[in-house]
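S.K.: The following block contains the structure, expressed as structure tokens.
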Amino acid sequence: MHRSGTSAVAGILHALGVNMGTTTEGERWVGRHWSNPTGHFENPAFLSLNQRILGGDATGIRGMPKWEDVLTRGAQFLPDVQRLLDASESELWGWKDPWSVLTIDLYLPMLKDPYFIIVHRARSEILASLRKRASQTDEEIGQLIDLYDRKLAELAETLKPHPILNINYRDLTARPGPEVQRLIEFIGMRPTGEQLERALGMVLQGPELRRQSRRMALTGVLEFPRWVGWILKRDLGTNPAVVGSDVVNAIPKELFQSLRALL
């Protein structure tokens, strides 16, 4: 689920040596942001494909009716899924995109010996965090959380044949050392001391989190025109009518939120 700590976990995996990066598209990760100062660690190729699978509307509650029939509607994207997995595959690799919870049924038959990490966070904390970013009402956000919860319950059965590690974001921030060690043991890695130090540095909290957020908010304000151009270039090819209207509505809110994060 969005705002549940998936970026922190993906950043830890990257720091430990898991290839979470981009593929043949030559794009960079979805970058750092005041709400995610260490970075998102999202491969734009997976994000773009998931948006296409979800009807070009992986941005808000309006897409929910489409999301309930992903396996049938998404069959047309199976060649794209296979190409992306082929381009991404390496000895130890992965991807992070919360929308994958809704699309994983399309990917699963093509994955080779997959391991799954599911990140959990208290509903109230997700709701509070999404209020700062999303344009939906609390009721709509609640519906989105309910959808993810239902899908995760289904995946608990679907993914049973595969190794699964459940991570609680509150535990990760309260005890980063033991939780990072659980990740290391789950994957079967032997990281260097430097890799372990970088991994622990992905878990920000308290004053340091606020300091980094303010720093990224200032960067966001200074680079706001470039951010708008990047969003338009990334998303308009998916569904110009829908995504374009979302971007137009999001631009003033994003600027306001960046300014507020500086306070």
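S.K.: If R0 is 51 Å, what FRET efficiency do you get for Glu89 and Asp138 from their C-beta distance, rounded to 0.05? All intermediate terms of the calculation are to be shown ahead of the outcome.
M.R.: Working: r = 40 Å, r/R0 = 0.79.
It comes to 0.80.
S.K.: Grab the other residues whose beta carbon is less than 13 angstrom from that of Leu78, score K and R as +1, D and E as -1, and report the net. Could the numbers behind the result be given before it?
M.R.: On the way: positive: Arg52, Arg73, Arg83; negative: Asp80, Asp86, Asp105.
That sum, taken over residues with Cβ under 13 Å, equals 0.
S.K.: Between Leu71 and Tyr115, how high is the FRET efficiency from 1/(1 + (r/R0)^6) when r is the Cβ-Cβ distance and R₀ = 25 Å? Nearest 0.05.
M.R.: Details: r = 22 Å, r/R0 = 0.89.
The value I calculate is 0.65.
S.K.: Applying 1/(1 + (r/R0)^6) with R0 = 25 Å to the Cβ-Cβ distance of Met189 and Thr158, what FRET efficiency is obtained, to the nearest 0.05? If you can, show how the numbers build up before the last one.
M.R.: Details: r = 26 Å, r/R0 = 1.04.
After rounding, the FRET efficiency stands at 0.45.
S.K.: A follow-up question, please. Return Ile118, Ile53 ranked ascending by Cβ neighbour count within 10 Å, so the fewest neighbours appear first. It would help to have the intermediate numbers written out before the result.
M.R.: On the way: Ile118 18, Ile53 26.
Sorted ascending by nearby Cβ count, the order is Ile118, Ile53.
S.K.: Considering only Ser129, Ile118, Leu102, whose Cα is most displaced toward the positive end of the charge dipole of segment 77-156, charges sitting on Cβ of Lys, Arg (+1) and Asp, Glu (-1)?
M.R.: Checked the options; the winner is Ser129.
S.K.: List the residues whose amide H sits under 5 Å from the amide H of Trp93, counting only those 5 or more places along or on another chain, with H placed 1.01 Å from N in the peptide plane.
M.R.: Asn19
Values in this text are rule-based calculations from the coordinates and carry no lab data. Values in this document were obtained by computation on a predicted structure and should not be read as measured data. Virtual Cβ from ideal backbone geometry, glycine too; neighbours counted across all protein chains shown.
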